[in-house]
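In what follows, a structure is listed as structure tokens, so that the remarks can point back to it.
The values are calculated or read from the model by the stated rules, or taken from the named source; none is laboratory data. Note that the structure is a prediction, hence the values are computed from the model and not measured. Note that each Cβ is placed from the backbone with ideal geometry, even for glycine, and that neighbours are counted across all protein chains shown.
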Amino acid sequence: MKMRTLKAILFTFLLTFFLSCSYAEEPVTLTLWEFSAGESLMRNLIDKFQKENPDIKVNLQQLTWEYGLDKFVMSLAAGNAPDVCELGTTWISKFASSGILLDITENVKDVKEKYFLWDFASYDNRVYGIPWLAGTRVVFYNKDLFIKAGLDPERPPQTWQELLDAAKKIHDPKKGIWGFSVCAGEPESPWQEFLPFAWSNGARVLSPDLKKSALDSPQMVEALKFYQSISRYSLIERQSQINELFAEGKIGIQISGSWNMRLISRINPGLRFGLSFIPRSSEGGPEGIAFSGGELFVITKNSRHPREALELIRFLTARENVMEVVSIQQNVIPAQRETIDEPYYKQYPEQKIFLSQLENALGPPNHPKWTDIRKLSRP
């Protein structure tokens, strides 16, 4: 072969090589904003995602609950919103109605049966987020205070009347013991504790079309009257204070969430307490309905990489990765139904009740202006 031919072949090879290097696609870069799991845990998950998807790079920014929502709103106004953001359930309809979030209805049909919280992920019959973590509340009761009051420590209240009777028997504020607890002094807590009584009695806050108030219904009035009656045998205080006093053994019955498990183990690991579902309004009535909420991942409409953003969300909300968050934090609930069979719930069987209660749980009306409505109609 002639030298000229060899040189031509070599030149062609080198030219092809350098051109391919010059025009190789850069990895797609996504921005993820997150509130709940903590930076260390999220970075571990992101590292795992990037190993499985080397063509996608993820920049994480950790937000705080105090200022994160304001930061998200400002980023939208400035045109530099993240590709993916964690949002609370009461925020979805507000942003979806403003045309800010990407409609992913057609991309989630294969997972609709696997998750709780789809009502929150939707607005106007379209889906804008995938559920990640959930939260609900159940009844916590102090077994020792039940025994002192002559109550069966293995039979928690099943109805409103049984709840009221137990609170009366336990209540002894002169000795620093309260029968029940009523949350006050915080924007969300009063609603989160009262609404289960209203829902369990068939009441609703708004009409089905979300256009009218339903607070004057007979079912709502009846629930309010019951709440008023049990408040006479209750500590009326902020949620955080109630949780601590229950852990100290000073409250007979309270309604609280899974975060209470870790608090009790820290403050008073020897506390003998039980858990039960939200009580029915009456004997033979429908099952009690709890308050639910949680966190979802959404894609902003202006994301330049919606396909890759959806891949990231599907990864973070996958069963294995959600359970990694749950097992480390031990104070949150997975939004996936099938996780009740996970080894975690064999190790901590008492926490199964939170996942089971989600089957009978509701959230506040999925109205874009719910936060404003809540302020105007605080119970």
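All but one of (1) touching a residue at least 24 places away in the same chain (Cβ under 8 Å); (2) surrounded by fewer than 18 Cβ atoms within 10 Å (Cβ to Cβ); (3) out of contact with any Lys or Arg (no Cβ under 9 Å at 6 or more places or on another chain) hold for residue 371; state the number of the condition that does not hold.
Every listed condition holds for residue 371 apart from (3).
Hey, could you check region 191-242 for residues that are among the β-branched types (Val, Ile, Thr) and touching a helix residue (DSSP H, G or I) at 6+ places or on another chain (Cβ under 8 Å) and say which is nearest to residue 159 (Cα to Cα)?
Step by step, filter region 191-242, then rank; the result is 230.
Can you tell me which of 362, 275 is buried (at least 17 other Cβ atoms within 10 Å of the Cβ), in contact (Cβ under 8 Å) with a residue 40 or more places away in the chain and under 18 Å from the mean Cα position of the chain (by Cα)?
Among 362, 275, only 362 is buried (at least 17 other Cβ atoms within 10 Å of the Cβ), in contact (Cβ under 8 Å) with a residue 40 or more places away in the chain and under 18 Å from the mean Cα position of the chain (by Cα).
So, in region 89-120, of the ones that are assigned to a helix (DSSP H, G or I) and within 21 Å of residue 354 (Cβ to Cβ), which residue ends up nearest to the chain's Cα centre (by Cα)?
Restricting to residues being assigned to a helix (DSSP H, G or I) and within 21 Å of residue 354 (Cβ to Cβ), the top hit is 89.
For region 298-310, enumerate the residues that are in a helix (DSSP H, G or I) and buried (at least 17 other Cβ atoms within 10 Å of the Cβ).
306, 308, 309, 310
Check region 71-88 and report whether any residue there is more than 30 Å from residue 359 (Cβ to Cβ), modelled with pLDDT of 95 or more and not basic (Lys, Arg). First the steps, then the outcome.
Quick first cut of region 71-88, residues more than 30 Å from residue 359 (Cβ to Cβ) only: 71-83.
Adding the requirement that they be modelled with pLDDT of 95 or more leaves 82-83.
Now drop any that are not not basic (Lys, Arg), which leaves 82-83.
Taking every residue of region 71-88 in turn, at least one turns out to be more than 30 Å from residue 359 (Cβ to Cβ), modelled with pLDDT of 95 or more and not basic (Lys, Arg).
Please tell me if residue 354 is closer than 30 Å to residue 252 by Cα, outside any helix (DSSP H, G or I) and modelled with pLDDT of 90 or more.
no
Hey, can you tell me all the residues within region 151-198 that are assigned to a loop (DSSP other than H, G, I, E, B) and of a type in the set (A, V, I, L, M, F, W, C)? First the steps, then the outcome.
Our first condition is that a residue be assigned to a loop (DSSP other than H, G, I, E, B); within region 151-198, this holds for 151-158, 171, 176, 179, 184-188.
Listed by number, the residues that qualify are 151, 184.
Here is a list of conditions, (1) over 16 Å from residue 297 (Cα atoms); (2) of a type in the set (Ser, Thr, Tyr); (3) under 19 Å from the mean Cα position of the chain (by Cα), and residue 123 meets all of them except one; can you say which number that is?
(1)
So which of 215, 235, 224, 195 is surrounded by fewer than 16 Cβ atoms within 10 Å (Cβ to Cβ) and in contact (Cβ under 8 Å) with a residue 24 or more places away in the chain?
Numbers: 235 fails: surrounded by fewer than 16 Cβ atoms within 10 Å (Cβ to Cβ); 224 fails: surrounded by fewer than 16 Cβ atoms within 10 Å (Cβ to Cβ); 195 fails: surrounded by fewer than 16 Cβ atoms within 10 Å (Cβ to Cβ).
Within the list 215, 235, 224, 195, the selection yields 215.
Would you please list the contacts, defined by Cβ atoms under 6 Å and residues six or more apart or on different chains, that run from a residue in region 146-157 that is in the same structural domain as residue 169 (by TED's automatic domain parsing) to a residue that is part of a loop (DSSP other than H, G, I, E, B)?
Between residues of region 146-157 that are in the same structural domain as residue 169 (by TED's automatic domain parsing) and residues that are part of a loop (DSSP other than H, G, I, E, B), the close pairs are 146/153; 147/153; 157/279.
Residue 295: outside any strand (DSSP E or B) and either in contact with a Lys or Arg (Cβ under 7 Å, 6 or more places away or on another chain) or of a type in the set (Asp, Glu) (or both), yes or no? Talk me through it step by step, then tell me what you get.
Numbers: outside any strand (DSSP E or B): no; either in contact with a Lys or Arg (Cβ under 7 Å, 6 or more places away or on another chain) or of a type in the set (Asp, Glu) (or both): yes.
Here the answer is no, as residue 295 does not meet what is asked.
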